[in-house]
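Written out below as structure tokens is the structure these notes cover.
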Amino acid sequence: MAELTFTPVIGIEIHIRLKSDTKIFCSCSTNPDSEPNTNICPVCMGLPGTLPRLNHKVVEQGMRAGLALNCGIRPKSLFFRKSYFYPDLPKGHQISQCDLPITTEGFIEVHDENGNLKKIRVHHLHLEEDVGSLHHSASDGRLEGAATSYVDYNRSGMPLAEIVSEPDVSSAKEAVEYVTTLRRRVIYSGASDVELEKGMMRFDANVSMKCSDGRWGRKVEVKNMNSFKALERAIEFEIKRQRKMMLNGEEVKQETRHWNDAKGVTTASRTKEFYRKFIVEPDLPPLHISQEEIDAVKAKMPEMPDVKANRYVNELNIPREVADVITDDKNLAAYFEECLKFDANPVRISHWVRTEVLRVLNETQKKISDFTITPENLAKLVSRVDEGKLSTTQGKEVFDYMFKNNSGIDEAIKNLGITEGGVAGNALNEIIQNILKENPDVLEEIKSGKDKKGKKLKFLQGLVMKETKGQAKPQEVAAAIEEAVK
Ligand SMILES: [Zn+2]
């Protein structure tokens with residue numbers, strides 16, 4: 001009997017907090033660092049008699065995020081009420097565009113297991129409000145023996161985009177590339193900074209398995225992943241779990257499971273889905289977006305990071321790995337492109353950015369926005385190293401000096417006492433004398449006239465060139481050595 005094979009079928013839902021100073025339906029602050037329950041008002045607390053008012057900044061950010069995912073923008077969309085009861089939702093319903101969202105379908109490209117590009121279709125992106133956050137702790141003594149739960153409504157009404165993919169993802173690795181690429185695109189678009197450590201991106205995954213014998217497992221929804229690593233581990237766990245069940249002839253039930261990051265397992269959720277009833281939100285009019293508004297946002301969209309990386313590879317001949325690293329950070333890519341305006345070789349500049357610039361930023365825990373070497377100075381430095389006016393070692397010294405002292409290139413060269421144009425004169429003679437001292441037997445052979453073919457002289461020349469890192473002129477080196485061995 002042929003061995004059974006299994007194909008994972010995975011869809012991903014992502015919540016991203018959109019960048020806006022105020023919440024989606026009121027003017028409360030979205031500052032994530034505020035004290036609990038300080039950014040609240042009757043609207044986001046859901047008090048009776050209050051009315052939501054749509055924040056148009058959030059609409060614009062939703063359009064940016066949608067365009068970044070190759071989605072179309074719908075001229076008319078609606079808000080709905082998703083009703084359920086939970087302590088994090090005081091008004092008893094969440095306002096969401098779930099059924100008629102602001103965008104139509106889009107896609108993100110990832111690499112499949114053979115390294116080929118594959119489209120993951122995005123079903124849509126919709127706008128919605130976040131709910132409050134619950135914090136559970138052990139008993140604080142007020143109720144004997146009981147654990148205590150606190151609720152913070154600062155998050156209630158924070159603007160979210162929910163992005164729903166089609167079930168086109170086939171592995172945990174593809175899932176991670178999908179969310180990584182998507183996050184980078186959204187950051188480039190300006191719709192959100194998507195700071196993972198501040199909980200600005202959360203994931204749910206729908207995982208099912210297709211068996212080569214024709215069986216299909218039911219869809220399992222896995223919730224509660226807050227990092228790329230958690231998403232990857234949760235999907236890997238579910239694939240293994242469902243595969244094992246199907247190999248044992250068990251039926252995979254449709255259910256919701258929670259990812260437990262500490263234990264590295266998913267567990268069946270005891271809570272049922274409460275909401276099923278959607279009604280059109282009676283307190284908000286339909287959202288209309290004109291073609292002019294869409295065109296205006298489109299015109300402001302920057303080149304997307306993966307498109308940029310491909311351009312670096314195809315047009316500037318930059319290695320893929322270097323292109324990916326530079327475009328990973330929008331500001332680093334902007335810095336690199338500024339350098340290109342000063343006429344240095346793009347490949348050489350890219351290597352300096354990839355190695356030296358990232359090295360000092362990493363060592364000093366700084367961002368590229370705090371980097372003190374101007375693009376012009378870096379471009380000049382790279383050109384001078386390329387032209388042989390500075391050795392690579394000297395170039396790095398100049399680089400470190402400019403970075404530490406916030407100086408220009410000429411000042412750095414002057415203050416370091418470097419003579420441009422290579423090693424010559426006394427410096428060269430000093431190097432030759434040292435090499436002769438280290439190779440007394442070679443010197444003896446030359447002096448005794450045994451080196452008739454000049455092989456030993458060539459050998460010494462090689463050592464000197466190596467020591468000067470190629471920064472001396474070969475004819476000058478040859479002449480100086482002949483003089484020195486006389
Ligand atoms: Zn409010």
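For the reader, a short list of remarks on this structure follows.
- Pairwise label distance in nanometres, Asp410 with Asn331, each label 7 Å out on the Cα-Cβ vector: 3.0 nm
- Cleavage-rule hits (trypsin sites (Lys or Arg not before Pro)) in the stretch 186-253: DSSP loop, at most 12 neighbouring Cβ within 10 angstrom: Arg218, Lys253
- Förster radius 56 Å - calculated FRET efficiency between Thr372 and Glu250 (Cβ-Cβ, nearest 0.05): 0.35
- Pairs from the list Lys173/Lys210; Lys119/Lys253; Lys91/Lys198 with a Cα-Cα gap above 22 Å: Lys119/Lys253; Lys91/Lys198.
- Potential lengthening between Arg218 and Lys198 on full extension [0.36 nm per residue; Cα-Cα distance subtracted]: 3.9 nm
- Proximity of backbone amide H atoms, modeled 1.01 Å from N, is registered between Val265 and Asn260 at under 5 Å, excluding neighbours fewer than 5 places apart on the same chain.
- The simple spin-label model puts a point 7 Å past each Cα toward its Cβ; for Arg53 and Leu340 those points are separated by 4.5 nm.
- J(HN,Hα) series, the stretch 28-37, from Karplus relation 6.51 cos²θ - 1.76 cosθ + 1.60, nearest Hz, glycine and proline x: 5, 5, 9, 4, x, 9, 5, 4, x, 6
- Ala262 versus Gln433: modelled label distance in nm, points set 7 Å from Cα along the beta carbon direction: 7.1 nm
- Chain lengthening between Glu35 and Asn310 when straightened (0.36 nm per residue, less Cα-Cα): 94.6 nm
- Applying the Karplus relation 6.51 cos²θ - 1.76 cosθ + 1.60 with θ = phi - 60° to the stretch 147-154 yields 3J(HN,Hα) values of 6, 10, 10, 10, 10, 10, 8, 4 Hz, where x marks Gly and Pro.
- Residue-span extension gain [Thr148 to Phe85] - 0.36 nm each, minus C-alpha spacing: 20.8 nm
- Taking only Cα atoms of the chain, radius of gyration then Dmax in Å: 31.5, 108
- For the stretch 425-484, the number of Lys pairs with C-alpha atoms closer than 16 Å, counting only pairs eight or more positions apart or on separate chains, is 9.
- For Arg185, neighbours were defined as the other residues whose beta-carbon sits under 11 Å from its Cβ, and their charges (Lys and Arg +1, Asp and Glu -1) total +2.
- Entries of Lys23/Lys300; Lys367/Lys389; Lys229/Lys263 with Cα pairs more than 25 Å apart: Lys367/Lys389
- Each residue of the stretch 214-220 is assigned a 3J(HN,Hα), and the resulting list reads x, 6, 10, x, 6, 6, 10 Hz, derived from the Karplus form 6.51 cos²θ - 1.76 cosθ + 1.60 (θ = phi - 60°), x at Gly and Pro.
- Nearest-ten-degree value, helix 425-438 long axis tilted from longest Cα axis of the chain: 80 degrees
Values quoted throughout were computed directly from the atomic coordinates according to the rules given, and no laboratory measurement underlies them. Note that the structure is a prediction, hence the values are computed from the model and not measured. We place every Cβ from the backbone using ideal geometry, glycine too, and count neighbours over all the protein chains shown.
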